[in-house]
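Enquirer: Quick one: this structure, given as structure tokens, is what I'll be asking you about.
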Amino acid sequence: MKRFLETGNFAITEGAILAGCRFFAGYPITPATELAEAMSYRLPQEGGVYLQAEDECAACHMCVGASLGGYKAMTATSGPGFILYADPIGWALGCETPLVILNSGRVGPVSGITGAPGQGEFYLMRYPTQGGNFETICLAPNSAQECMAMVVEAFYLSERFRMPVMVLADQLITDGFEDITVPETEEEMKEMGFRTWPRKVCQGPEFYPFTDELDIPPVVLGHNTGGICSDWTPTVEGYDIEEVEAHHKHAYRLIYKVRNHRDLFNHHYEEKFVDDADLIVVSFGSPSRVVNTAVEKARAQGMKVGSLRLINIWPFPDELFHRKAKYLAVELTWDGQLVREVQRAVPKDSEVHFLGTCGDLPTTPDLLESFEKLLKNEPLSRKGWVLEAW
Amino acid sequence: MEYKSSRLTSTYLRARKIPSTACSGCGLGMNHKIVVQAIDELGLETKDIVWGTSIGCAGRQTFATWKGDGFAGTHGRAYAIARGLRIALPPEKKILLTVGDGDAFGIGLLHLIHAARCNADMTVIVNDNLGYQSTGGQYGWTTPQGAHTDSSPYGMFEHNLMSEGMDVLHILKGAGATFLARHVAMDGAVAVETVKKAILNRGFSLVHMPYPCPTNFAARELGSRNQVNIYRWIQRQAAPLGQEKEDTVWATGIWHDASNSRREFHEEIHATIDKIRRTGSL
């Protein structure tokens with residue numbers, strides 16, 4: 001193993017290479033630019049290809065094309081680029097093409113603030129394209145080291161589910177320097193819990209079986225299997241068809257191959273002191289690190305506070321919200337996105353509160369004050385335009 | 001009625017998709033046949049080609065007709081997809097794209113230009129039915145000036161990529177395409193020879209092939225769905241390069257042939273990477 005003091009972008013690059021990624025296409029955008037730069041430097045050393053695209057739409061389409069040609073491929077961007085991925089993500093979901101997509105969240109809407117963290121694409125990661133009728137898998141690490149692990153995991157899942165798998169990070173995580181350990185051998189990878197899955201080739205003639213089964217290899221072109229894929233509703237063989245029943249079956253596969261195999265990834269979360277907690281703080285990504293500190297301090301002060309940190313954010317892990325307690329969602333949005341899912345998932349009549357910020361992390365004293373008030377059944381402070389209501 | 005398949009169709013095309021679901025009298029089949037004939041005359045087999053298509057009449061009607069591997073991409077993005085695929089596929093596998101005019105010259109023009117820029121080995125056949133016909137018949141970017149369509153009821157008056165001095169083939173030549181040609185669907189054997197050259201170019205080739213749409217375009221512009229009228233209308237306004245007349249819209253033949261003059265994309269990228277890997281620098 002090798003240790004580095006490096007950025008999340010570095011960790012992601014090394015993770016992707018460990019997972020077998022040999023194709024990256026991207027478009028410069030803060031704060032994901034350094035990842036593209038790192039890929040342009042590292043991939044050729046490993047015999048991989050880095051391509052700079054004319055826009056994000058092309059970048060992601062080139063990755064899907066490379067994946068259809070048999071490469072493990074990845075692209076990365078931030079919010080304003082991620083919306084241009086809508087087109088290729090939809091295509092990759094429908095064609096069931098493996099791909100890893102990283103979104104490093106900044107502050108929106110539109111270009112917003114480029115060099116600060118945000119989590120405003122929480123819902124966009126669930127609904128990244130039009131049309132509905134699909135599930136998505138999204139992992140949200142909170143450190144550089146975990147970025148590496150989750151990128152490796154995303155490649156693993158994308159092959160087994162044969163679909164694009166997304167990683168949602170944020171500016172602090174991808175740009176921040178941290179202590180990073182990179183495994184050098186397969187044994188070391190296993191030791192660190194890294195799983196990999198080789199690319200296989202679907203031999204057909206049933207390229208799009210109507211089943212929720214895992215491990216059906218993806219369509220790979222150029223092997224003369226007669227493999228076909230398109231943007232239309234497919235028949236089992238992959239022909240385009242305008243038929244409601246066929247579409248229903250296709251949608252069943254896209255939805256239930258994920259929903260029925262969540263055990264493959266729903267262990268990605270972290271709980272702390274939740275068993276006897278009166279207040280459970282829910283968070284993911286960079287704010288969860290402040291939450292962690294605040295919860296530890298609160299416990300030291302005798303407050304019965306616990307932390308539930310989500311890593312697998314989509315499909316949303318409803319089952320983690322079975323405890324009757326007060327919940328507080330801490331997230332980097334002013335409009336409140338995570339809190340809506342928490343409100344939906346908690347047991348009936350549970351209190352759910354919202355503490356949002358954006359572009360900056362909440363502070364430990366702020367969090368401690370909020371914990372104290374909620375435990376005393378007092379409303380959260382309202383400082384001018386900072387409202388709890390969402 | 002029994003469909004009698006020819007040797008060409010039974011060798012290269014899938015019975016399920018032939019005959020196609022195109023409108024009666026559609027000229028797309030003529031373009032399709034020109035391309036398959038060229039493939040056959042070059043002695044290529046289904047395993048030698050990955051066939052890509054896109055959205056619209058041309059894309060949908062040709063998707064999955066090829067017996068080998070194939071894809072239908074999102075609207076206008078087949079050229080970006082094909083670039084990624086080009087990197088991944090072995091260089092001897094050919095990529096052939098049959099797309100429409102709206103796809104290539106409208107929504108996909110940026111990606112098309114960049115595919116030409118990097119001279120990615122692919123043959124793009126732009127099947128031009130003079131507008132957006134699968135959505136009912138709106139004008140496109142190569143619709144002849146003055147033509148009446150559903151979205152140009154007074155006649156097409158905007159400058160477009162067929163206007164004097166603004167030909168889309170000039171744009172693509174400037175962008176670095178190494179083979180460019182134009183033929184109308186009725187050019188038959190001459191067009192087959194051109195498509196053969198396009199396929200043999202190890203680099204970016206594009207053949208622009210206007211074809212007749214009796215159902216939507218002709219109904220609006222000529223007031224007739226009689227196929228003969230639209231076929232004649234196109235033929236009358238087409239002439240070989242150098243023999244253009246006053247009313248020529250489509251100058252046909254090979255516009256630009258710089259075949260194999262510049263290193264192809266896949267080769268360029270992989271050779272460069274090999275060198276970086278060996279020596280650590282360019």
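Enquirer: Under the 0.36 nm per residue contour assumption, what length would be gained going from the current alpha-carbon distance of residue A:296 and residue A:266 to full extension?
Expert: 8.3 nm
Enquirer: Please compute, for peptide A:217-224, the average count of beta-carbon atoms on other protein chains lying within 10 Å of each residue's beta-carbon.
Expert: 5
Enquirer: Report, in whole Å, the centroid distance computed from the Cα atoms of segment A:119-141 and segment B:1-68.
Expert: Taking the Cα centre of each part, segment A:119-141 and segment B:1-68 sit 38 Å apart.
Enquirer: Based on Cβ point charges of +1 for Lys and Arg and -1 for Asp and Glu, what charge dipole magnitude is obtained for chain A about its Cα centre, in debye rounded to the nearest 20?
Expert: 640 debye
Enquirer: Moving on. Given the Cα-Cα distance of residue A:127 and residue A:369 and 0.36 nm per residue of separation, how much length would full extension add, in nm?
Expert: Additional length available on full extension: 83.6 nm.
Enquirer: Work out the charge dipole of chain A with +1 on the Cβ of Lys and Arg and -1 on the Cβ of Asp and Glu about the Cα centre, then indicate which of A:218, A:322, A:20 is farthest towards its positive end.
Expert: A:322
Enquirer: Can I ask one more? Report the charge-dipole magnitude of the protein assembly as shown in Debye, nearest 20, computed about the Cα centre from +1 at each Lys and Arg Cβ and -1 at each Asp and Glu Cβ.
Expert: In debye, rounded to 20, the protein assembly as shown gives about 1080.
Enquirer: Taking each residue of A:46-54 in turn, how many C-beta atoms of other protein chains fall within 10 Å of its C-beta, and what is the average?
Expert: 4
Enquirer: Rounded, prolate or oblate: which fits chain A, taking a ≥ b ≥ c as square roots of the Cα gyration tensor eigenvalues, rounded meaning a/c under 1.5, else prolate when a/b beats b/c?
Expert: prolate
Enquirer: If you fit an axis through the alpha-carbon atoms of helix B:28-41 and take the longest principal axis of the Cα set of chain B, what angle between them do you get, 0 to 90°, nearest 10?
Expert: Result, in degrees: 40.
Enquirer: While we're on this one: Using DSSP to define loop residues, name the GluC sites (Glu not before Pro) in segment A:204-252 whose beta-carbon has at most 13 other beta-carbon atoms within 10 Å.
Expert: Values: sites: A:206, A:213, A:237, A:242, A:243, A:245; in loops: A:206, A:213, A:237, A:242, A:243.
Sites meeting the loop and neighbour criteria: A:213, A:242, A:243.
Enquirer: Please give the helix A:244-259 orientation as an angle from the longest Cα principal axis of chain A, in degrees from 0 to 90, rounded to the nearest 10.
Expert: 50 degrees
Enquirer: A further question on this structure: Between residue B:40 and residue A:181, how many nm apart are label points set 7 Å from Cα along the C-beta direction?
Expert: 6.5 nm
Enquirer: Also, I was wondering about something else. Please state the shape class of segment A:208-247: rounded when a/c is under 1.5, otherwise prolate if a/b exceeds b/c and oblate if not, all from the C-alpha gyration tensor.
Expert: Oblate is the answer for segment A:208-247, as a/c is 1.5 or above yet b/c matches or exceeds a/b.
Enquirer: Here's a follow-up. State the percent of C-alpha pairs, over all pairs in the protein assembly as shown, separated by a distance greater than 50 angstrom.
Expert: 20 percent
Enquirer: Oh, and also: I need the fraction of alpha carbon pairs in segment A:2-191 separated by more than 29 Å, rounded to a whole percent.
Expert: Everything past 29 Å amounts to 12 percent.
Enquirer: Given points 7 Å out from each Cα along the Cα-Cβ axis, report the residue A:323 to residue B:260 separation in nanometres with one decimal.
Expert: Result for the modelled spin labels: 7.2 nm.
Enquirer: Cα gyration tensor of segment B:23-143, axes a ≥ b ≥ c as square roots of the eigenvalues: rounded (a/c below 1.5), prolate (a/b > b/c) or oblate?
Expert: In terms of gyration-tensor shape, oblate.
Enquirer: Given the -39500 (n - 2.57) contribution per DSSP H run of 4+ residues, what per-residue ellipticity at 222 nm results for chain A, rounded to the nearest 500 deg cm²/dmol?
Expert: One gets -10500 deg cm²/dmol as the mean residue ellipticity at 222 nm.
Enquirer: Scan chain B and hand back the longest stretch that contains none of the chymotrypsin sites (Phe, Trp or Tyr not before Pro) lying in DSSP loops with at most 12 other Cβ atoms within 10 Å.
Expert: Segment B:4-153 is the longest.
Enquirer: Can you list the lysines whose alpha carbon sits under 30 Å from that of residue B:196, skipping same-chain ones fewer than 8 residues off?
Expert: Excluding near neighbours in sequence, the set is B:4, B:17, B:33, B:47, B:67, B:93, B:94, B:173, B:245.
Enquirer: Could you give the distance between the Cα centres of segment A:267-293 and segment B:215-282, to the whole Å?
Expert: Between the Cα centre of segment A:267-293 and that of segment B:215-282, the gap is 60 Å.
Enquirer: Taking the beta-carbon count within 10 Å as an exposure proxy, list A:166, A:62, A:303 from fewest neighbours to most.
Expert: A:303, A:166, A:62
Enquirer: Please give every one of the lysines within straight-line cross-link reach of residue A:257, meaning a C-alpha to C-alpha distance under 24 Å, and leave out same-chain neighbours fewer than 8 residues apart.
Expert: In chain and number order, the partners are A:72, A:200, A:249.
Enquirer: Roughly what angle does helix B:227-236 make with the longest principal axis of chain B, taking Cα atoms, 0 to 90 degrees, to the nearest 10?
Expert: Value to nearest ten degrees: 70.
Enquirer: Using every alpha carbon pair in segment A:270-375, what percent of pairs falls into each 10 Å bin from 0 up to the bin containing the largest distance?
Expert: 16, 55, 28, 1
Enquirer: Mind checking the mean number of beta-carbon atoms from other chains within 10 Å of the Cβ atoms in A:225-235?
Expert: For this peptide, the per-residue mean of nearby foreign Cβ atoms is 6.
Enquirer: Still on this model: Taking θ = phi - 60°, what integer Hz values does the Karplus form 6.51 cos²θ - 1.76 cosθ + 1.60 yield along segment B:79-91, in sequence order, with x for Gly and Pro?
Expert: With coefficients 6.51, -1.76 and 1.60, one gets 6, 6, 4, 5, 5, x, 5, 4, 5, 7, 6, x, x Hz.
Enquirer: Another question, if that's okay. For A:4, A:316, A:122, which order do you get if you count the other beta carbons within 10 Å of each Cβ and list the fewest first?
Expert: Fewest-to-most ranking of A:4, A:316, A:122: A:4, A:316, A:122.
Enquirer: Which of A:47, A:229, A:342 sits closest to the plus end of the dipole of chain A, meaning its Cα is farthest towards the positive end, when Lys and Arg get +1 and Asp and Glu get -1 on the C-beta?
Expert: A:342
Enquirer: Per-residue HN-Hα couplings for segment A:366-381, Karplus 6.51 cos²θ - 1.76 cosθ + 1.60 at θ = phi - 60°, whole Hz, x for Gly and Pro?
Expert: Using θ = phi - 60°, the values come out as 4, 5, 4, 4, 5, 4, 4, 5, 5, 5, 8, 6, 9, x, 5, 5 Hz.
Enquirer: On to the next question. Figure the gain on full extension for residue B:151 and residue B:282 (residue separation times 0.36 nm, minus the Cα-Cα span) and round it to one decimal in nm.
Expert: Once the chain is fully extended between residue B:151 and residue B:282, it gains 42.0 nm.
Enquirer: Given +1 on the Cβ of Lys and Arg, -1 on the Cβ of Asp and Glu, and no further charges, what dipole in debye does chain B carry about its Cα centre, rounded to the nearest 20? Write down the numbers at each step before the final one.
Expert: On the way: 30 positive and 26 negative charges, 175 e Å.
Roughly 840 debye for chain B.
Enquirer: Now a separate question. At a Förster distance of 41 Å, what's the computed FRET efficiency of residue A:5 paired with residue A:203, Cβ-Cβ distance as r, to 0.05?
Expert: After rounding, the FRET efficiency stands at 0.30.
All of the numbers you see were taken from the coordinates with simple rules; none came from a lab. Predicted, not measured: the structure shown is a model, and the values here were computed from it. All Cβ positions, glycine included, derive from the backbone under ideal geometry; neighbour counts span all protein chains shown.
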